[in-house]
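Read through the structure below, which is laid out as structure tokens, and then see the notes.
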Amino acid sequence: MTQTNNNMTVNPDLAMERAKCNFNVLEVTHIFDGGERNTLQRKKIEDVALNSGASKDALGEEHMSPKEKYENAVRKSCIYATMMKNELAELSGLESFGVSSPVIRRTADAFFKEVSPFLLHLGMFVPTIMGQCTPEQQSYWLPRALDMQIIGTYAQTELGHGTFIRGLETTATYDPETEEFVLHSPTLSSYKWWAGGLGKTVNYCIVVAQLYTKGECHGTHPFIVQIRDEDTHVPLPGIKVGEIGPKMGFNTADNGFLGFDHYRIPREHMLMKNAQVLKDGTYVKVARHGKLTYGTMVFVRVVLVNEVAFNLAKASTIAVRYSAIRRQSKPKPDEVEPQILDYVTQQHKLFIAIATAHALQLCSTWLWESFSAVLAQMKGGNTDTLPEFHALSSCLKAISTSDSAHLIEQCRHACGGHGYMISSGIPNLYNFVSATRTYEGDYTVLLLQTARFLVKAYEQAEAKKPLTPTVSYLAHAFSGSRATWDNSPDGIIRSFQALAAGKTAVCVTNMRKRMRAGLSQVDAWEMSTIQLVAAAEAHCRAVIADTYRKEIVRLTANSSPNVKVVMDQLTTLYLYYWALERTGDLLMFTSVSQKDLVDLQIAYEELLLKIRPNAVGLVDAFDLRDELLHSTLGSYDGRVYERLMEEALKSPMNKEPVSDAYSKYLRPMMKGKL
Ligand SMILES: CCCCCCCCCCCCCCCCCCC/C=C/C(=O)SCCNC(=O)CCNC(=O)[C@H](O)C(C)(C)COP(=O)(O)OP(=O)(O)OC[C@H]1O[C@@H](n2cnc3c(N)ncnc32)[C@H](O)[C@@H]1OP(=O)(O)O
Ligand SMILES: Cc1cc2nc3c(=O)[nH]c(=O)nc-3n(C[C@H](O)[C@H](O)[C@H](O)COP(=O)(O)OP(=O)(O)OC[C@H]3O[C@@H](n4cnc5c(N)ncnc54)[C@H](O)[C@@H]3O)c2cc1C
């Protein structure tokens, strides 16, 4: 029997789940949103942006040709950008719209099943102008960019190099005669490759190039470069630009290539906050830290933690709601087929996804606050906290994107065959999130950056020197005994720290051994990189676990008792899950016994059963409108089979009773006339 909820016909199993939920869903929504005020503001923004129906497509994006898809994404980007400038900026309390509202960013997802071609404009072009320009440059470029009179992207990666920025080949050679830079692509591998929106959408871009002046190379620097006519949009002479072709995802982002043939730009178009070239060609370094030109990447790494938390919340909402309406198999012959959510293996796949969405959401807020503090210090000329922050943002970006991609795929598995349908919404989420593991710094490469910091911190701890906060646990690495296992939340977090410290110690010991055996420092490091990546991963897991736990305790201090209980169950589940995933490491670096681990497994399974009645309530608490989910399986009303059939009937393949392929190929073959 169907039931109605807010004038909506709701699948009875979902209605039953909602009746079973024993905590106040809205209170958990407030926790996830960062407070009641944020929830109210988000809802206002969503109402204005989505109630008009402007986000909807007449024909599903998946049935469009690549060109139609792109044009449709541009059309909707223009609608959304106009809304952002007018109604939404005011609602979100921004003076002008821009990068500072995650809600505006998240609401945009209702308009795009893949991504907006404007993503790089708002996500990297505008932030680079904000972070890399002098005040004079900013006052010229920022209003034009924010008002979208010009649209830009961030072109750093080349065909030949993405990771190794110092290896980029595009040159910017200063000509003091004309006071211009000459941009040039000397080789095929120096062509810019990948920048989002570059293919067809943007008329400007940030180009990262090797700066030459007075015959000397000063390394990579950012330049703002016009590539298309502001009126006709035709590429300017000396510019070769185009789109790079179909990809696994991001197919509405017109990622592009770009080459320069001795293309001239004014001297003032070098972004000069951190370094300058004077009129006569003299190079002047302004910044106190050599890596400040990498600032936009650090900003995006911070933002991505929030981005993947949101996408994981979407995938877990889809998979949990679907698992509540799907019934399969008959383990007890006299009873009806159970909801698949009743299978403990299904709970094992899904509840960790819910807990991880919470963990990453709370870590992302904490990371953003730390970033703001680092920026404030740097404004005052102090860059001391940058190395720790680079290490922290690198590992959190790597682990959050990798875990989210893995768990989104797990959500697809949990939806069986229907999860493979594009209309389930999960394939697009996976394609988007799996790219985040690679772009803005590949997983391995970023963990190795964190490992550099860990090794240095370990050496400081060894020399009894002071340690920075996120690695202060390394001070206990020299006690000589294994960490004492204790299955309380704090005990497990201490064990995770012991794993990180133990793994770092092993790396240091092995590198020293290898160097004593004659290897150079570089080769000893290289031979230890598998373990260094593992040490950085362990460090990151300790940071996430610690932050998640502390933040939940803080945020639920005044919550109702049942909310406290369910939030505590989720954090505990997160800790048990990762302890059980790392039993080998725990046996190596802590006093845990076989019995402790058997007991922990049982405690984990019992926890799954405790969370089970609240599972739908927990994903409802993410409060994701159907427009954001784009899913036949995950909509609030649970009309899964009806929606799957409605979508199937929309397929252009069903427009004609007999396909043309019959008369062209099938019939001639079957009649032996091919
Ligand atoms: C209308 C429609 C609406 C639409 C929607 C609205 C949108 C709203 C906007 C919101 C935005 C949201 C999301 C944004 C998504 C954006 C999509 C992005 C798409 C992708 C873009 C890209 O990928 S851009 C290219 C990114 N590239 C990389 O990340 C390259 C990775 N490589 C590196 O970072 C570096 O090369 C390196 C770190 C691996 C090595 O650098 P390098 O060789 O120079 O250094 P060393 O190894 O020698 O190290 C020396 C020393 O420096 C330290 N260090 C390195 N980097 C940093 C740093 N960044 N900060 C501080 N310190 C650094 C390093 O650790 C060493 O230290 P030691 O002390 O010597 O050990
Ligand atoms: C969807 C998408 C959008 C993008 N958008 C943009 C954009 O807008 N602008 C832009 O400039 N770029 C963009 N990029 C490019 C992106 O930043 C790079 O692809 C990314 O930084 C990885 O670099 P790479 O491709 O050179 O990989 P590579 O460095 O070639 O990596 C290949 C393999 O080599 C390994 N490897 C490389 N170096 C090391 C090392 N030192 N130690 C150990 N292993 C190593 C990696 O771990 C990886 O397994 C985008 C990429 C994608 C996929």
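Looking at the range 272-317, which trypsin sites (Lys or Arg not before Pro) are in a loop (DSSP not H, G, I, E or B) and have at most 12 other Cβ atoms within 10 Å? In loop regions of the range 272-317 (DSSP not H, G, I, E or B), the sparsely surrounded trypsin sites (Lys or Arg not before Pro) are Lys279. Here the contact order of the range 443-620, divided by its residue count and restricted to Cα pairs under 8 Å and six or more residues apart, works out to 25 percent.
Placing dummy labels 7 Å off each Cα toward the beta-carbon, the span from Ala603 to Thr529 is 3.8 nm. Restricting attention to the range 121-287, close to 80% of DSSP beta bridges with both partner residues there are antiparallel.
Based on Cα contacts under 8 Å between residues 6+ apart, the range 121-287 shows a relative contact order of 25 percent.
Fewest first, what order do Arg639, Arg452 take by the number of other Cβ atoms within 10 Å?
Working: Arg639 19, Arg452 16.
Going from least to most buried by this count: Arg452, Arg639.
Scattering from the chain was approximated by placing one identical point on each alpha carbon and applying the Debye formula without solvent; log10 I(q)/I(0) at 0.06, 0.08, 0.11 1/Å stands at -0.38, -0.68, -1.22.
Can you give the extra length, in nm with one decimal, that the chain gains between Gln328 and Asn24 once fully stretched, where that is 0.36 nm per residue apart less the Cα-Cα distance?
Working: separation 304, 0.36 × 304 = 109.44 nm, distance 3.00 nm.
Additional length available on full extension: 106.4 nm.
Computed from label points 7 Å out along Cα-Cβ, the spacing between Val344 and Asp57 is 4.3 nm.
Charges only on Cβ, +1 for Lys and Arg, -1 for Asp and Glu: so what's the dipole of the range 443-620 about the Cα centre, in debye to the nearest 20?
On the way: 20 positive and 17 negative charges, 123 e Å.
Using only the charged Cβ atoms, the result is roughly 600 debye.
Using only Cα positions of the range 443-620, each an equal point scatterer, no hydration layer, compute I(q)/I(0) via Debye at q = 0.09, 0.17 Å⁻¹ and quote the log10 values to two decimals. Taken in order of the listed q values, log10 I(q)/I(0) reads -0.38, -1.08.
By the Cβ distance rule (another cysteine Cβ under 4.7 Å), the unpaired cysteines of the chain are Cys21, Cys78, Cys133, Cys205, Cys217, Cys363, Cys411, Cys415, Cys507.
Can you find, among Phe299, His418, Leu467, the residue farthest towards the positive end of the dipole of the chain? Put +1 on the C-beta of Lys and Arg, -1 on that of Asp and Glu. Farthest towards the positive end: Leu467. For the chain, what does the helix formula give at 222 nm: sum of -39500 (n - 2.57) over DSSP H segments with n ≥ 4, over the residue count, nearest 500 deg cm²/dmol? The per-residue figure over the chain is -16500 deg cm²/dmol. Here the peptides 407-413, 132-138 are ranked by packing, the mean other Cβ count within 10 Å, and the order with the highest first is 407-413, 132-138. Spin-label pair Thr134-Ala557: with each label point 7 Å from Cα along the Cα-Cβ axis, the two points sit 4.7 nm from one another. Remark: relative contact order (the chain) = 15 percent; criterion is Cα-Cα distance under 8 angstrom and separation of 6 or more residues. Here the range 279-308 and the range 205-274 have alpha carbon centers that stand 17 Å from each other.
Provide the three semi-axes, in whole Å and in decreasing order, of the ellipsoid equivalent to the range 121-287 as defined by the square roots of 5 times the Cα gyration tensor eigenvalues. Mind dumping the intermediate values first?
Working: eigenvalues 113, 69, 44 Å².
Result for the range 121-287: semi-axes of 24, 19, 15 Å.
Laboratory data are not the source of any read-out in this text; all were calculated from the coordinates shown. What you are looking at is a predicted structure, and each value in this text was computed from that prediction instead of being measured. Positions of Cβ are generated from backbone atoms using ideal geometry, with glycine treated the same way; all protein chains shown enter the neighbour counts.
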